[in-house]
Amino acid sequence: MTVTGAFFYLFATVAIGSAFMVIASKNPVHSVLFLILTFVNAAGLFLMMGAEFLAMILVVVYVGAVAVLFLFVVMMLDVDFAELREGFLQYLPIGALIGVIFLVELVLVVATWTVNPGLIQAPTAQVIPAGDELTNTAALGRVLYTQYFYFFQAAGLILLVAMIGAIVLTLRERLGVKRQDISEQVARTQATAIEVRKVPFRQGLKDVA
């Protein structure tokens, strides 16, 4: 076995084991830590494939933002996990049925898949022009912002709409909270905004009512 093969089996084994521990751990903090370990090993697999940009994005975006943010949310929120587990037995049959269906689908896919010889011999579309030496990151950026520019912008617009929708759906108006009315503030004049009072000597504002 070569060194490359050894690293591949190491990253793949740790990634699969940590992914299983994400759903098997009872402590949510441990689940997030195992999720970070899964992302790191997946990034190692991407590096071995020559996709260094995807590896760095996986580490920076998912590990540095999503997983860490979720970890802080889990640690800061006072979540009663005992209350969440009360209905576990009630939904256990439905969950077991869905799990069996997915298991059967995976077994059928693994047992019946074949490689089409024509796909291996078929010529692939050349993204980078001949004689143009570009790195993996530069080639990916050229493809995203030229050939798939409109799809890329549409995906960003969909994410923006989803973010605004999530904010609107989760926004709750609290009673007793002072809020600013922009139109009322803009419509204020000098006569309504400033009040000049003449305070006599050795007296305070409370005495001048």
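What the table below lists for this structure:
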{"item": "Test set (1) at pLDDT 70 or above; (2) within 24 Å of Phe53 (Cα to Cα); (3) over 19 Å from the mean Cα position of the chain (by Cα) - Arg179 fails condition number", "result": "(2)"}
{"item": "Residue tally, condition open to solvent by 80 Å² or more (accessible area, probe 1.4 Å) and at pLDDT below 75, over segment 91-126", "result": "12"}
{"item": "Filter result for Leu159 (among the aliphatic types (A, V, I, L, M), open to solvent by 90 Å² or more (accessible area, probe 1.4 Å) and modelled with pLDDT under 80)", "result": "no"}
{"item": "Some residue of segment 52-61 being open to solvent by 50 Å² or more (accessible area, probe 1.4 Å) and farther than 30 Å from Gly141 by Cα", "result": "no"}
{"item": "Val186 being open to solvent by less than 100 Å² (accessible area, probe 1.4 Å) and at negative phi", "result": "no"}
{"item": "Candidates Phe53, Phe34, Phe70, filtered to the one that is under 30 Å from Leu134 (Cα atoms) and part of a helix (DSSP H, G or I)", "result": "Phe53"}
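The values are calculated or read from the model by the stated rules, or taken from the named source; none is laboratory data. For clarity, every value in this text was computed on a predicted model and none was experimentally measured. Just the protein is used for accessible areas: all its heavy atoms, side chains included, with ligands, DNA and RNA removed. Shrake-Rupley method; radii C 1.70, N 1.55, O 1.52, S 1.80 Å.
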